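The values are calculated or read from the model by the stated rules, or taken from the named source; none is laboratory data. Just so it is clear, the structure is predicted and the values come from calculations on it, not from any experiment. Ideal geometry is used to build each Cβ from the backbone, glycine not excepted, and the neighbour counts take in all protein chains shown. Keep in mind that these areas ignore ligands, DNA and RNA; they rest on the heavy atoms of the full protein, side chains included. Shrake-Rupley method; radii C 1.70, N 1.55, O 1.52, S 1.80 Å.
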Amino acid sequence: MTATPVSLSMPTVPRRRRTPEHVAAAAPVAGAKKVLLAAPRGYCAGVDRAVIAVEKALEHYGAPIYVRKQIVHNRHVVETLEERGAIFVDETDEVPEGALVVFSAHGVSPAVVRSAEDRGLRTIDATCPLVTKVHREAVRFAKDDYEILLIGHEGHEEVEGTYGEAPENTQIVNSPEEADTIRVKDPDKLIWLSQTTLSVDETMETVRRLRERFPNLQDPPSDDICYATSNRQAAIKKIAPQADLVIVVGSANSSNSVRLMEVALEYGAKASHRVDFANEVDESWFEGVSTIGLTSGASVPEVLVQDVLRLAAEYGYGTVEEVVTADEDILFSLPKELRATLKEAGDSSRGLGGRGQRPQS
């Protein structure tokens with residue numbers, strides 16, 4: 001009898017870090033080393049609200065709690081909630097009939113809501129209120145028979161949800177280059193909306209190109225790019241010209257985290273890298289670097305930033321200067337379905353989500 005060969009993957013071997021002495025010898029640094037720490041950074045109110053919603057649901061209803069898609073785009077947050085009993089699914093048909101499902105902060109289309117209703121699912125809608133605002137704009141302008149140019153990344157969960165509010169009236173514009181070729185039905189009845197987590201500069205460039213072709217293009221009633229995205233980009237724009245290296249803490253599927261890395265390079269950083277965790281930082285990045293810029297995406301808990309600061313300190317970057325460009329004090333009420341349960345249970349511990357309201361770990 002001939003045995004069937006079995007292919008076994010090689011076990012992961014932790015990479016041995018080079019010592020600070022080796023890094024310094026490879027490329028000496030002239031002058032003092034320091035970290036410029038962006039503020040604001042990390043959790044925004046919408047993310048905080050969504051994460052608290054899952055935590056509170058687990059606490060009051062018990063595990064398992066189902067969540068459609070990742071509640072927010074951050075590996076650490078998702079893995080931590082999984083350990084507590086959250087089950088993340090791609091679609092509502094993966095949820096047992098009658099079970100409880102939380103809609104993620106990125107929002108869902110009406111079709112997803114109907115699917116949940118058809119399966120008799122109990123739902124908690126943790127959509128960020130700023131995303132909900134864009135949904136309402138799409139519905140409103142579609143009712144008035146406007147054509148909507150939705151600036152965003154096709155396939156992103158937020159864009160899918162907004163598009164689903166008015167698919168017959170909406171076209172997605174992925175980039176400034178697409179603005180040069182898109183065709184519209186009536187250039188005099190046209191409005192643009194956008195994904196909330198885009199690069200401010202790239203979005204405005206897309207709008208500029210669209211308006212060159214369609215001068216009567218209308219703006220949304222208020223900014224669609226959320227305050228947290230704008231504020232984090234403004235902070236890194238101020239830091240980037242002074243930084244030899246910018247490290248962005250955030251996950252690869254986090255649009256606003258990826259944009260921060262790109263903005264850093266556009267505004268003068270000599271190098272920019274994104275990591276989920278401090279152990280992903282390559283110490284060779286420190287070679288010849290006197291100033292590190294450090295920030296994090298809007299779905300990143302502060303504990304992950306502090307881990308990077310500790311690592312940087314080991315390599316001589318113990319001086320930390322916080323660069324403050326805005327103060328954030330936005331708070332959002334928890335989803336109405338959850339507030340009713342908390343009130344009935346006499347739980348008044350957390351009714352709001354927002355910056356400065358959560359512990360760092």
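In table form, for the structure just shown:
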quantity	calculated
Scan of region 155-166 for residues that are open to solvent by less than 10 Å² (accessible area, probe 1.4 Å), outside any helix (DSSP H, G or I) and acidic (Asp, Glu), ordered by number	none
Residues (surrounded by 10 or more Cβ atoms within 10 Å (Cβ to Cβ), of a type outside the set (A, V, I, L, M, F, W, C) and in contact (Cβ under 8 Å) with a residue 12 or more places away in the chain) located in region 15-31	17, 18, 20
Some residue of region 98-115 being open to solvent by 20 Å² or more (accessible area, probe 1.4 Å), without any contact (Cβ under 8 Å) to a residue 40 or more places away in the chain and of a type in the set (S, T, N, Q)	yes
For residue 123: the one exception among (1) surrounded by 22 or more Cβ atoms within 10 Å (Cβ to Cβ); (2) in a strand (DSSP E or B); (3) not acidic (Asp, Glu)	(1)
Residues of region 69-97 classified as basic (Lys, Arg) and either modelled with pLDDT under 95 or farther than 21 Å from residue 111 by Cα (or both), total	2
Helices (runs of 4 or more DSSP H) lying entirely in region 247-360 (those with 3 or more residues that are at pLDDT below 95 and surrounded by fewer than 14 Cβ atoms within 10 Å (Cβ to Cβ))	336-345
Complete set of residues in region 129-154 that are in a loop (DSSP other than H, G, I, E, B) and open to solvent by 50 Å² or more (accessible area, probe 1.4 Å)	144, 145, 153, 154
Residue that is modelled with the lowest pLDDT, among those in region 198-222 that are in a loop (DSSP other than H, G, I, E, B) and either open to solvent by 20 Å² or more (accessible area, probe 1.4 Å) or more than 27 Å from residue 42 (Cβ to Cβ) (or both)	222
Residue tally, condition part of a helix (DSSP H, G or I) and crowded, with 24+ Cβ neighbours inside 10 Å, over region 55-75	1
